Amino acid sequence: MSETLSLVLAPAVALLLLLFYINLRLASPLLAIPIRWLRWILFALFAAQANTQLAWIDRPAWTVALAAFLLWFLIESAFNWLKVSAISLSPLPLFPRYVVNTTGDEWPTQKRLLKVRDWLRDQRYTSVQALKAELGGGIWLRTSVHQNHDNTVRLHTLFVPQESGAITVCYSLVTRTAAGRRYVTDNLYIPFGGFYPEHWHVERTPWRRDLAALVARHSHRVAAAGETPVAWDTSPIDDINQQQQQMEMINTELGYLLPHAEREEYGKITPEGRFRVWREAWLLDYLGLASRYS
């Protein structure tokens, strides 16, 4: 068993390092999923290998590997819970206010992202506004807003900065209908755990990273609803800030956020809300699945 583990561990570690190096440049949420699984499995196998060589516990290697696998789950669960609690207690807003980006850096010059901009031009999407919101510590989330040829689809391209300096790009497509409903299709990979207004119909698929496929999916959803899309008549910054304010009010009323008077002492997110975020973080990190929305 020890020899088999030794043969498996070396190439597995090499593969993990290779994937990690590649993702430092790409910052792909999809590539991060096998990296996390491989890291988790390697931790269990290394524990089993070390126990076989040092004879710490008189148990079969597979038993030690399983115990180490569960131990990793407990450790990471506790760490994720602490992160959620830290976010809740931090002064950073969960629904930040956007401002117009006038610095001229709304679209990164990386080749893979310039191809996205060229695709938008080919599909007759026109740039409407560039926005940004501070995430804290001088880090800004930049958003470029485009609309299709008849102004019925608004596309938000979000550039999420990473610690490595790379940029993860996400998309959110929004259409309003004459019936007053709002259809949202996005591929955001950040856990939310909260509630949306009743007239919102949100579908989040973090594993769908191709913009063309996401646009096609959004078009299919709107067509299947059988409702009449209406052209946008408000500026992106007015709409998004209004929606951010509405989202905070709704999530406070429904028990995801604590009332403002209690936040200084207990944090922003209720215990139930923290659990929802913690659970969704696991689904996103290891399965690429977001919680189901209406």
Using the alpha-carbon atoms, what tilt in degrees (0 to 90, nearest 10) does helix 271-287 show relative to the longest principal axis of the chain? 70
Where nothing but the Cβ of Lys and Arg (+1) and of Asp and Glu (-1) is charged, how large is the charge dipole of the stretch 99-287 around its Cα centre, in debye to the nearest 20? 740
Any idea what angle helix 2-26 forms with the longest principal axis of the chain, computed on alpha-carbon atoms, 0 to 90 degrees, nearest 10? 20
Using just the Cα positions, wrap the stretch 1-131 in a convex hull and report its mean projected area in square nanometres, one decimal place. 12.7
Eigenvalues of the alpha-carbon gyration tensor of the stretch 203-248, times 5 and square-rooted, give semi-axes in Å, largest first, of 23, 17, 11
Starting from the stretch 152-243, pick out the trypsin sites (Lys or Arg not before Pro) whose DSSP state is loop and whose Cβ has at most 11 other Cβ atoms within 10 Å. none
From phi via Karplus (6.51, -1.76, 1.60), per-residue ³J(HN,Hα) for the stretch 185-198 in Hz, x at Gly/Pro: 10, 9, 10, 5, 10, 8, x, 10, x, x, 10, 10, x, 4
Can you pull out the GluC sites (Glu not before Pro) in the stretch 195-287 that DSSP calls coil and that have at most 14 other Cβ atoms within 10 Å? Glu198
On a 0 to 90° scale, report how tilted helix 61-89 is relative to the longest principal axis of the chain, with both axes built from alpha carbons and the result rounded to the nearest 10. 40
From a point 7 Å beyond the Cα of Trp119 in the direction of its Cβ, which residues of the stretch 190-222 have a backbone N at a distance under 15 Å? 206-219
Could you work out Rg/(2.2 N^0.38 Å) for the chain, with Rg from alpha carbons only? 1.16
Provide Lys268, Lys111, Lys132 in ascending order of the number of other Cβ atoms located within 10 Å of each residue's Cβ, fewest first. Lys111, Lys132, Lys268
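Report, for the chain, the % of DSSP beta bridges that are antiparallel, rounded to 5.
If I count the DSSP bridges inside the chain, around 85 percent turn out antiparallel.
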Label-point separation, Leu38 to Trp56 (7 Å along Cα→Cβ), nm: 2.5
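A short reminder: the numbers here are calculations on the coordinates, not readings from a lab. Just so it is clear, the structure is predicted and the values come from calculations on it, not from any experiment. Neighbour counts run over all protein chains shown; Cβ positions are idealised from the backbone, glycine included.
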